[in-house]
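The values are calculated or read from the model by the stated rules, or taken from the named source; none is laboratory data. Everything numeric in this text was worked out from a predicted model, so none of it was measured. Positions of Cβ are generated from backbone atoms using ideal geometry, with glycine treated the same way; all protein chains shown enter the neighbour counts.
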């Protein structure tokens, strides 16, 4: 089957919906992390450091759980794993609403992270192992995040302002509970190495998988670093915090264009061309944000950064999905994503302290060039060892 045929193949609606639900539940806390930090500080009177510690505990357990479960997922029923994971997450989330101390909340959020990490890994694994076109479904993930984030940000901000920590934790638990029944749509049988990725795919070197994970971690690190400091960058351009917030809201809405483009294009042009494209655009956007003091340039660049982020993620996950038919590397890519997301703010702050915002731009551009090089190595290797349908890099 040609790449075009693969891009036009349709997946069962139940598979797509189940995978999206697992993705949303697994990644919800990272999406709502700004309100989590604010709620922890207001609800428990924690310092920025202690509030950040709680968030870090959950993010790390989330990432570690995804890493730990990724290699063994093909041995178990994804539906059973998902239901056990969501039960653990709900139990810990519900209990953490009533946590009264730093230690108790950190412990409970860490337990929630274990369940969330398992769900995040499942969401990527089942798409890689069972979907006829993983890149397209990963594009659907980004469409849902872009649409859902608008409502979640509005409600989350209001609940956090009114009820502090209990408000935002109740929202996360409520969304999890509401979506949990849809996890029953996830296939119950173990992976039998079928689907598009399995067709013509061959075993790849573990080094190639590590190369892919390194590209994901590095790209998310620089993306998170620039995103985290978007407000200070806006202030350098003469904008206030409210204006930056409006720009981010607009960027999230416009970001649908990036997610939609990735979904529509998927692997029609392979992966090498889209990956090269978003690396170039991200480089230009980063330089504009870090070097310019013009407010118009800042707003355009910020909105463009959100669009390119939603466009880029499906291709990075799709690259990992092409590595094997069981979805193990795709699941591991999810944990790499979370590690990069967690490291980004710390990395950005350290670079700014040493060499300023211009230095941050230069360092991010250099790392993006490394990301592009690593991705091209993977694409070239896959093109030489698998059928076009299996890797989509041709």
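Just checking, which of 221, 296, 286 is closer than 21 Å to residue 357 by Cβ, part of a helix (DSSP H, G or I) and either outside the structural domain of residue 378 (by TED's automatic domain parsing) or without any contact (Cβ under 8 Å) to a residue 12 or more places away in the chain (or both)?
296
For region 345-359, check the following and say yes or no: at least one residue is in contact (Cβ under 8 Å) with a residue 60 or more places away in the chain, closer than 27 Å to residue 206 by Cβ and in a helix (DSSP H, G or I).
Yes; the residues of region 345-359 include at least one that is in contact (Cβ under 8 Å) with a residue 60 or more places away in the chain, closer than 27 Å to residue 206 by Cβ and in a helix (DSSP H, G or I).
Have a look at 260, 238 and point out the one that is surrounded by fewer than 19 Cβ atoms within 10 Å (Cβ to Cβ) and not in a helix (DSSP H, G or I).
One residue alone meets the criteria, 238.
Just checking, which of 311, 341 is more than 12 Å from residue 124 (Cβ to Cβ), surrounded by fewer than 24 Cβ atoms within 10 Å (Cβ to Cβ), touching a residue at least 24 places away in the same chain (Cβ under 8 Å) and under 21 Å from the mean Cα position of the chain (by Cα)?
Step by step, each of 311, 341 is checked, and only 341 is more than 12 Å from residue 124 (Cβ to Cβ), surrounded by fewer than 24 Cβ atoms within 10 Å (Cβ to Cβ), touching a residue at least 24 places away in the same chain (Cβ under 8 Å) and under 21 Å from the mean Cα position of the chain (by Cα).
Considering each of 21, 57 in turn, give the residue that is modelled with pLDDT of 90 or more and in contact with a helix residue (DSSP H, G or I) (Cβ under 8 Å, 6 or more places away or on another chain).
Exactly one of 21, 57 is modelled with pLDDT of 90 or more and in contact with a helix residue (DSSP H, G or I) (Cβ under 8 Å, 6 or more places away or on another chain), namely 21.
Answer yes or no: is there a residue in region 13-29 that is out of contact with any strand residue (DSSP E or B) (no Cβ under 7 Å at 6 or more places or on another chain), touching a residue at least 40 places away in the same chain (Cβ under 8 Å) and not in a helix (DSSP H, G or I).
Within region 13-29 (the criterion being out of contact with any strand residue (DSSP E or B) (no Cβ under 7 Å at 6 or more places or on another chain), touching a residue at least 40 places away in the same chain (Cβ under 8 Å) and not in a helix (DSSP H, G or I)), the answer is no, since none of the residues qualifies.
Can you name the number of the only condition in (1) assigned to a helix (DSSP H, G or I); (2) modelled with pLDDT of 90 or more; (3) out of contact with any helix residue (DSSP H, G or I) (no Cβ under 6 Å at 6 or more places or on another chain); (4) closer than 29 Å to residue 42 by Cα that residue 181 fails?
(4)
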